[in-house]
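These notes concern the structure reproduced below.
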Amino acid sequence: MSDRIRWGILSTGSIAATFAEDLKLLPDAELAAVGSRSTESAERFAAAHGVTRAHGSWQALVEDPDVDAIYVATPHSAHYEASMLALRAGKAVLCEKPFTLAVAESEEMVATARELGVFLMEAMWMRCIPAIRRMAEMVRDGAIGEPVAVHADFGMQGPFPETSRLRDRKLGGGALYDVGIYPVTFAHLFLGRPASVQAWARMSGGGVDENTGMLFGYDSGAVAALTCSLLGDTARTGIVTGTQGRIDVKRDFFHPHGFTLWRAGETEEFELPYEGSGYQFEAAEVHRCLREGLLESPLVPLGETLDILRLLAEVSGIVGLDYSS
């Protein structure tokens, strides 16, 4: 592996732009190329973000010999096609969440990566944020005793027009897979896989969930109450409660700059600030894994990525969210 990890970005939307800017915060990263189905779009993105080469096709990007890793930033519905293309070209892949809208496709992506010996990781940036990592470490070390409850919400102010990607079922629209994956991942991080799942949703005329609530029950007796919405701007907070204390995460729990530990009636503030939007931490994790010869990240394990996707599929079945047609 060279001194710098050379990245290619596949797709040119807003999330690709954020990743490109945060990548500049890593001294050992080079944004070498961008690929789009449109040469004009690729060239425009390259000019805006200082990218060396612009490719007018995904195939040309994944075949670029001067690219080590591909960041897949397409809409959800195209993750499978783009990721498989990159994996088969032998490129390490960081694929935006969720991997795919169908569990079987995600399982195939993982199987392909393992068969070919190519690195693959879901771009669940929340798990790589320093404050989240510190919280998980503290809970594992018993800072709040036994975890007994998780509460988390992520709602965005609507209404979004029917033409929005967020409402387009063919592009994987809806609250659950776009923002609900964060509360679900947050709960899974501290409580693991639930034994019981209940869910409710208000569905749009276009067949996607607009407002969804989930209640998970665990063999330990713990519970998780989670919500996601495209109709209203919720507090976007996260709380992990244990038998000896709790951790509160304020606004935007999924990429916090700190949190509060409550224990025995006293509070302790933890501040872990960072520059940029926080996407650089998932890229840095890819760098670490590639340099250590790992095929998957211990921080964002493929098994847990699949576990969470199976959980989202279970919720989808309960509320009637169906992307198969």
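The values are calculated or read from the model by the stated rules, or taken from the named source; none is laboratory data. These numbers were taken from a predicted model, which means no experiment stands behind them. Reconstructed Cβ throughout: ideal geometry from the backbone, glycine too, with neighbour counts over all protein chains shown. The protein model used for the area step is the full one, side chains on, heavy atoms only, and it has no ligands, DNA or RNA in it. Shrake-Rupley method; radii C 1.70, N 1.55, O 1.52, S 1.80 Å.
Descriptive notes on the structure:
- Some residue of segment 93-101 being in contact (Cβ under 8 Å) with a residue 24 or more places away in the chain and of a type in the set (D, E): yes
- Residue count, segment 213-222 (criterion: farther than 29 Å from G158 by Cα and outside any loop (DSSP other than H, G, I, E, B)): 1
- Any chance R133 is under 15 Å from the mean Cα position of the chain (by Cα), among the charged types (D, E, K, R) and either over 24 Å from E314 (Cβ atoms) or at pLDDT 95 or above (or both): yes
- For E210, the conditions (1) of a type in the set (D, E, K, R); (2) in a loop (DSSP other than H, G, I, E, B); (3) within 24 Å of E96 (Cα to Cα) are fulfilled apart from (2).
- Some residue of segment 55-63 being open to solvent by less than 10 Å² (accessible area, probe 1.4 Å), closer than 28 Å to G293 by Cα and touching an Asp or Glu at 6+ places or on another chain (Cβ under 7 Å): no
- Output for segment 282-321, where each listed residue is open to solvent by 50 Å² or more (accessible area, probe 1.4 Å) and out of contact with any strand residue (DSSP E or B) (no Cβ under 8 Å at 6 or more places or on another chain): R288, R291, E292, G293, L294, P298, E304, R310, G317
- Condition check for I181: in contact (Cβ under 8 Å) with a residue 60 or more places away in the chain, part of a strand (DSSP E or B) and either in contact with a Leu (Cβ under 7 Å, 6 or more places away or on another chain) or among the polar types (S, T, N, Q) (or both): no
- The set of residues from segment 249-263 being in a loop (DSSP other than H, G, I, E, B) and either open to solvent by less than 40 Å² (accessible area, probe 1.4 Å) or of a type in the set (A, V, I, L, M) (or both) comprises D252, F253, F254, P256.
- Some residue of segment 144-160 being aromatic (F, W, Y) and touching a strand residue (DSSP E or B) at 6+ places or on another chain (Cβ under 6 Å): yes
- Residue list for segment 227-248, filter: basic (K, R) and not in a loop (DSSP other than H, G, I, E, B): R246
- Near pairs, Cβ below 7 angstrom, 6+ apart or cross-chain, from segment 259-279 (closer than 26 Å to E21 by Cβ) to any residue that is in a loop (DSSP other than H, G, I, E, B): E271/H257; L272/H257; P273/H257; Y274/H257; E275/L25; G276/L25; G278/I129; G278/H255
- Filtering segment 147-169 to residues that are open to solvent by 50 Å² or more (accessible area, probe 1.4 Å), within 19 Å of the chain's Cα centre (by Cα) and closer than 14 Å to C228 by Cα leaves only H151.
- Of all residues in segment 192-236, those being surrounded by 23 or more Cβ atoms within 10 Å (Cβ to Cβ), out of contact with any His (no Cβ under 9 Å at 6 or more places or on another chain), within 15 Å of V150 (Cβ to Cβ) and among the small types (G, A, S) number 0.
- The residues on offer are A48, A20, A111, and the sole one that is open to solvent by 30 Å² or more (accessible area, probe 1.4 Å), free of Cβ contacts under 8 Å to residues at least 40 places away in the same chain, outside any strand (DSSP E or B) and under 30 Å from P183 (Cβ atoms) is A111.
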